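The values are calculated or read from the model by the stated rules, or taken from the named source; none is laboratory data. None of the values given here were measured: they were computed from a predicted structure. Here Cβ is always computed from backbone atoms with ideal geometry, including for glycine, and neighbour counts include all displayed protein chains. With ligands, DNA and RNA removed, areas are computed over all heavy atoms of the protein, side chains included. Shrake-Rupley method; radii C 1.70, N 1.55, O 1.52, S 1.80 Å.
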Amino acid sequence: MEHTAYELREARRSIASTLMRCEKALEKLTPGKSQHTLTARRIAAFQIALELIDRALLSRRLFKISPRTS
């Protein structure tokens, strides 16, 4: 599924915001507890998502892929 650059930028903004909140919350959680583990895994997943979005946006710029028209 192709997404427009706008959709990718909006998704990136939302994920980055959630990532920041998770990182702040992680500081208050007790290591070894399930909430800490879950939050740490969410942080890793959000970081991967941001990297993939950045790659998609970069490839659009490099190859000048036009956004979908629908």
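Share of carbon and sulfur in the accessible area of the range 14-64 stands at 59%, probe radius 1.4 Å.
Computed from Cα positions, the angle between helix 34-63 and the longest principal axis of the chain comes to roughly 20 degrees. Based on the Kirkwood radius over alpha-carbon pairs, what is the Stokes-Einstein translational diffusion coefficient of the chain at 4 °C with 1.567 mPa s viscosity, in µm²/s? Estimated diffusion coefficient is 96 µm²/s.
Please check which bits of the range 11-42 a label hung off residue 49 would reach, taking the label as a point 7 Å along Cα-to-C-beta and the cut-off as backbone N under 20 Å. Answer for this model: 11-27, 35-42. Mean residue ellipticity at 222 nm, helices only, the chain: -27500 deg cm²/dmol; runs of at least 4 DSSP H residues each add -39,500 (n - 2.57), and the sum is divided by the number of residues.
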